[in-house]
Amino acid sequence: MNHLLTRHHLRTALAAVFVLTAAIAAASWFGGVTHPKPVHADRRDFWFLNDTSKQIDHIYVSGHSHESWENDVLGDSAVLADKIGFLITFSGDYQSGCMMDFKIIYHDGSSDTYREGMNTCDLHAVIFTDGEAHGY
């Protein structure tokens, strides 16, 4: 039991470190000024946190059980280094519920696919580790 408790605290602490790192990165990106989440933010919005020990070149998010992947949320030129987070936002015209699947393509050409469906409406962040995803 003590081992499980320690593992839970470690994951919670790791999530906090990622969120803090992302906030600091956002503050430096916007010249030290952070912008609050808009009132009209979509409830599916979440932080994607990279704890895979690899650079991520492409992130695809799609509604659970959709046959095809949506566009790369990182865009054409951005990458996500290890231990860095990225806020994924949804527009009102994106026709999907809260359950999302993910596909990650790493800089080395390998990939991970998460087709279990994660309810992004019920969490604030998803930490991706080597082959696993955990929502918080």
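Any read-out appearing in this document is the output of simple, stated calculations on the displayed coordinates, not a laboratory observation. Since this is a predicted model, take the numbers as computed values, not measurements.
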Long-range HN-HN contacts of H58 with modeled amide H, under 5 Å:
I105
Could you derive backbone 3J(HN,Hα) for region 58-64 from the dihedral phi with the Karplus parameters 6.51, -1.76 and 1.60 (θ = phi - 60°), listing whole Hz in sequence and x where the residue is Gly or Pro?
9, 10, 10, 10, 8, x, 3
At q = 0.14, 0.21 Å⁻¹, the log10 of I(q)/I(0) for region 38-122 from a Debye sum over equal Cα scatterers comes to -0.47, -1.05
D122 to A78: extension gain in nm, 0.36 nm per residue of separation minus the Cα-Cα distance?
13.1 nm
